[in-house]
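A short reminder: the numbers here are calculations on the coordinates, not readings from a lab. Values in this document were obtained by computation on a predicted structure and should not be read as measured data. Please note: Cβ atoms are built from the backbone with ideal geometry, for glycine as well, and neighbour counts cover all protein chains shown.
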Amino acid sequence: MEHIRTHFMDIYRDRPGLVSLAVIENPYPYNPLIDGLDLLALLVIDNEAGAEHAEHIRLDGSRALIRTVHRETLQSWISIGEHRNIIEWLVRGEILLDRDGYLAGVRERLLLFPESMREQKRFIEFIGFLRTYLQAKQDLMDGNMLDAYSHVLTALTHWAHIVLIEEGRHPELTVWKQLKRVHPGVYKLYEELTASPETLEQRVQLVMLACEFSVMSKMKSCCDLLIRIMNSRSEPWSIGELHSHPSLAELHVDLSLVIQKLVKRAYVREVAIMQEPQESGAIELRYTIMNA
């Protein structure tokens, strides 16, 4: 491994725009931590955004993934969980080069898991939870039982992620193993859904009832980020303004469904705005916090 480290340092040390270089070995023979390869070299750059790419090489009998990523893309991966393994890459990886301590700072923030990061992830997971729960509900009404099972299992996984985030844990590292210790109640629902002797329909309905309560009880706290942004001004927000707000745009989430649910739960008020020209008859819908 020492020869491999030296090779990467010699090859990439003087690359223009290189911010950090980290290497991680895959410790598990069957774990897709590094997409089936033996090790990963992660190159973080701050220029040449179009130069982001992946490359496979073989070195000293080991197959390696060379992953080049812009620092802004890396931050996006961390925020939205687009690449599930990124947290483990950054926590377990050995930093070989780190100009201005950038990657060490990212790792420290991940380990601290500050409230601002938890808030973002909680909101993203809640949107996923809400969407898959409602889809499962529709599948159940339509008699599509296998689809209902698939979607309610996904909703339950989002719920598990929310619980772990609330406990200050990264759900990207493990899920059900952590959850069994942290929240036996949600873990029991997972067991009921996947291993209960009851019929598939009975299992799905049981978890759906639990999800119904969770949606109602967690909605406001999981949407703290959105509610705080909407509270930052007295004028109603258009859906486009909310999507383009810097703190929400970086999350790459669709806000329409969660806004509608907040309206129905009377946390958000819908405001009708007459568009110009008035003859068109179109009325724009904007949104403001109910207590504003």
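How large is the charge dipole for the stretch 2-112, taken about the Cα centre, if only the Cβ atoms of Lys, Arg (+1) and Asp, Glu (-1) carry charge, to the nearest 20 debye?
Numbers: 12 positive and 18 negative charges, 29 e Å.
For the stretch 2-112, the charge dipole is close to 140 debye.
Taking 8 Å as the Cα distance limit and 6 or more residues as the minimum spacing, I'd like the relative contact order of the chain as a percentage.
Numbers: 376 pairs, mean separation 37.8, N = 292.
Computed value for the chain: 13 percent relative contact order.
Which whole number in µm²/s is D for the stretch 115-222 by Stokes-Einstein, with the Kirkwood Rh taken over Cα pairs at 37 °C and 0.692 mPa s? Write down the numbers at each step before the final one.
Details: Rh = 13.9 Å.
In µm²/s, the coefficient is 237.
Between S247, Y267, M230, whose Cα lies farthest towards the positive end of the dipole of the stretch 229-289 when Lys and Arg beta carbons carry +1 and Asp and Glu beta carbons carry -1, centred on the Cα centre?
Y267
For K137, go through the aspartates and glutamates and keep the ones whose alpha-carbon is under 16 Å away, minus same-chain ones fewer than eight residues off.
D147, E201, E212
Cut-off is 10 Å between beta-carbons; in what order do K121, K264 appear when sorted fewest neighbours first?
Listing K121, K264 from fewest to most nearby Cβ atoms yields K264, K121.
Compute the separation of the alpha-carbon centres of the stretch 185-254 and the stretch 121-135 and state it in Å as a whole number.
4
Ranked by Cβ crowding within 10 angstrom, fewest neighbours first, how are V258, V182 ordered?
Ascending number of Cβ neighbours within 10 Å: V182, V258.
Given +1 on the Cβ of Lys and Arg, -1 on the Cβ of Asp and Glu, and no further charges, what dipole in debye does the chain carry about its Cα centre, rounded to the nearest 20? Can you show the working numbers first?
Values: 32 positive and 41 negative charges, 176 e Å.
With Lys and Arg at +1 and Asp and Glu at -1, about 840 debye.
Which lysines, if any, have their Cα less than 21 Å from the Cα of K177, not counting same-chain residues under 8 positions apart?
Within reach: K121, K188.
Could you please tell me the mean projected area of the C-alpha convex hull for the chain, averaged over all directions and given in square nanometres to one decimal? Intermediate values should be presented prior to the final figure.
On the way: hull surface 79.9 nm².
Projected over every direction and averaged, the Cα hull of the chain covers 20.0 nm².
Hey, fewest Cβ within 10 Å first, where do V186, V163, V271, V152 land in order?
Lowest count first: V271, V186, V163, V152.
State the antiparallel share, in %, of DSSP beta bridges confined to the chain, rounding to the nearest 5.
If I count the DSSP bridges inside the chain, around 80 percent turn out antiparallel.
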